[in-house]
Amino acid sequence: MLRPARIHHSVTYANYTIAVLLSGSGSNLQALLDAEAAGELGASVNLVVSDRADAYGLQRALDRTIAAAHVPLRPAPRGPAREQARAEWEQRLAAIVAAFTPDLIVLAGFMRILSPAFLQHFPNRVINQHPALLPDDGGPTYRTPAVC
C-alpha cells in the first residue's frame, strides 16, 4: 500500500492573515477559529465580512475581537441598475477586504458569486470553501452553472 510522502515546509506562517467572507451562521469560520486557537491553522483570521446583517458568523468574530463588517448588496431592478449596484457592492467589499491586507480570502459559506473583477483584486488568494460534496449535496438552491 502506498503512503503519502511527508512534506516538511520551511515556510513559517506566524504573520499569515485570513479574511473570511460568509453569509450565515459561520460554522466554517468556527472551525478555522478553533484550529487557530489550537495552534493548528498556522495563520490568524483578522477580518470577517458578511453580506447579511443577521449572519451569526459576524457575532462569532466579534466574540473573538476580530474585525467584522456587514456589506449589504442593495436591491435593484433587473438590468443596468442591478449590474451597477452589484459592481458598486463588489467595489465596497474589495475596499474593505483590501484595507486589512489579508494573505488569503476564504469564502466560507459565502452565498454570492463574485465576478472576475473582484477576484482580480486578490490574484491567487481566494479559496471557496464549500461544506458539501458537489454536485450531490449542493442543497436546494444549488445550480451547476453557478459553481462551474
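Rule-based calculations on the coordinates, nothing more; no lab input. Keep in mind that what you see is a predicted model, and the values were worked out from it rather than measured. Glycine also receives a Cβ, built like all others from the backbone with ideal geometry; neighbour counts cover every protein chain displayed.
Just a few scattered comments:
- Note on R125/D63: beta-carbon distance plugged into 1/(1 + (r/R0)^6) with R0 of 22 Å gives a FRET efficiency of 0.25.
- Inverse of mean 1/r across different Cα pairs in the stretch 17-147, Kirkwood, Å: 15.4
- When the convex hull of its Cα atoms is viewed from all sides, the stretch 81-120 shows a mean projected area of 3.0 nm².
- Dimensionless Rg ratio for the stretch 32-73, taking C-alpha atoms and the 2.2 N^0.38 Å reference: 1.22
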